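This is the structure I have questions about; it appears just below.
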Amino acid sequence: MSTARAALARPTSPATGPLTVPSALQLVGNTPLVELRRVCDGVAPGVRIFGKLEGFNPGGSVKDRPALKMVEDGLARGALVPGKTILDSTSGNTGIALAMVGAALGYPVELVMPGNVSAERKKVVAAFGAKVIYSDPLEGSDGAIRLCRRILAEAPERYFKPDQYNNPANSLAHYETTGPEIWRQTEGRITHFVAAIGTGGTIMGTGRYLKAQNPDVQVIAAEPDDAFHGLEGLKHMATSIVPGIFHEEQLDRKIGVATDAAYDMVYRLGREEGLLLGQSSGAALLAALEVARGLSAGTFVVIFPDFGDRYLSTKMWLGWASFGGGRT
Amino acid sequence: MVQVKIPTPLRKYTGGAGGVEADGGTVAALVDDLDRRYPGLKERICDESGQVRRFVNIFVNGEDIRFLKHLETALKAGDELSIVPAIAGGR
């Protein structure tokens, strides 16, 4: 490894922060970057690719950032007051994050989730004491959004709805934290920022911050290549209810990723990099590699939204044995 | 005839219908019949080797065919088959 390479790799880590914090909420953010090597075949030596490991957040995903920001914003505006319940629709990680934040602050949480989210997610949310209402699996996350709207309409005075799809505090969380962290961690050398899109909050807020520092930074979104896909947490925008905070015109590129290819990349990340990640990480990395292979130099940062232990019961691992996973 | 429940993202193949009918003595035969009636459906459900894609769950009367006989699971008139993606989009 060259000296120049070593100089750039100066990640922050939870271990370098304060020795004690007053609550779990102070552990949100400041996640490390890890450089990827073996899975980057076909990429020129001058191109470096880093994954930002959002699984290090206390709720286990990138969603801790917007969940905390939206709740803080609700408290500041007086929209969330004692006696109210936090309510939202979510297919998983935002639910876990809201349940964690609600538990830490002492507010009850109710979540509407499609019935087909992974068993681990259901159990984690329950462990934080949140109540879960299941919507029709056939209707996906849009079904959960619609059911949540009906519940809110019946008793609006009971609830505070963060509304992650339309709340500017979602992308603002990333503008204020994820963006500055990446800029600092790469010492301003980032050339490409890549994230998969669920609500669009991560790519919008982080992208806006990075472009404000350097307008040449390319902001690239990964999305499922078809409406019928297996990338939990991600949206195929052309066939979905488009979130109000998502502004496609602010992206430089959007790349479609096949579910099977993303699953296979997750297998490789585990075996070749020692990183067990969720499928949205595999999808985002594939999009990054597609761009990176056409370049001779560059510094990529790819958002890895969560770790893979949350998906061990899912069908993602059905192909593991035929991929060679059973070998010792 | 078997009653087939179609998830929202696949309804572009069925003219928007959430429930359709198809024929077949096994799940494999039914998927072929579905593809004859609604061309393009099979490719979304099965991969190039003919196996059910990893992220697709097929339930017969509420039972996952992976715990039955996979694509060779027998069907009879009046059964209900559901095609459910293993995920949900948007976090």
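Within the stretch A:217-241, track down each residue that is over 17 Å from the mean Cα position of the chain (by Cα), surrounded by fewer than 23 Cβ atoms within 10 Å (Cβ to Cβ), at pLDDT 85 or above and within 11 Å of another protein chain (Cβ to nearest Cβ).
The answer is A:Asp226, A:Ala227.
Just checking, how many residues over the stretch A:204-237 are in contact (Cβ under 8 Å) with a residue 60 or more places away in the chain, outside any strand (DSSP E or B) and not charged (D, E, K, R)?
3
Which numbered condition trips up A:Gly282, out of (1) within 14 Å of another protein chain (Cβ to nearest Cβ); (2) exposed (fewer than 15 other Cβ atoms within 10 Å of the Cβ)?
(2)
To continue, here is another question. For the structure I just gave you, tell me whether A:Arg150 is within 30 Å of B:Leu10 (Cα to Cα) and within 14 Å of chain B (Cβ to nearest Cβ). Full working, then the answer.
On the way: within 30 Å of B:Leu10 (Cα to Cα): yes; within 14 Å of chain B (Cβ to nearest Cβ): no.
It is false that A:Arg150 is within 30 Å of B:Leu10 (Cα to Cα) and within 14 Å of chain B (Cβ to nearest Cβ).
Tell me which residues, restricted to the stretch B:36-56, are modelled with pLDDT of 90 or more and touching a strand residue (DSSP E or B) at 6+ places or on another chain (Cβ under 9 Å).
B:Arg36, B:Arg37, B:Tyr38, B:Leu41, B:Arg44, B:Ile45, B:Cys46, B:Val52, B:Arg53, B:Val56
Follow-up. Regarding A:Gly78, is this residue in the same structural domain as A:Glu273 (by TED's automatic domain parsing) and of a type in the set (Gly, Ala, Ser)?
Details: in the same structural domain as A:Glu273 (by TED's automatic domain parsing): no; of a type in the set (Gly, Ala, Ser): yes.
For A:Gly78, the condition - in the same structural domain as A:Glu273 (by TED's automatic domain parsing) and of a type in the set (Gly, Ala, Ser) - is not met.
Of the residues that sit in the stretch B:9-27 and are within 14 Å of another protein chain (Cβ to nearest Cβ) and among the small types (Gly, Ala, Ser), which one is surrounded by the most Cβ atoms within 10 Å (Cβ to Cβ)?
Pass one, the stretch B:9-27, residues within 14 Å of another protein chain (Cβ to nearest Cβ): B:9-14, B:16-20.
Subset that is among the small types (Gly, Ala, Ser): B:16-19.
Values: B:Gly16: 9, B:Ala17: 12, B:Gly18: 15, B:Gly19: 12.
Taking the candidates together, the pick is B:Gly18.
The values are calculated or read from the model by the stated rules, or taken from the named source; none is laboratory data. These numbers were taken from a predicted model, which means no experiment stands behind them. Quick reminder, even Gly has a Cβ in these numbers, built from the backbone with ideal geometry, and neighbours come from all protein chains shown.
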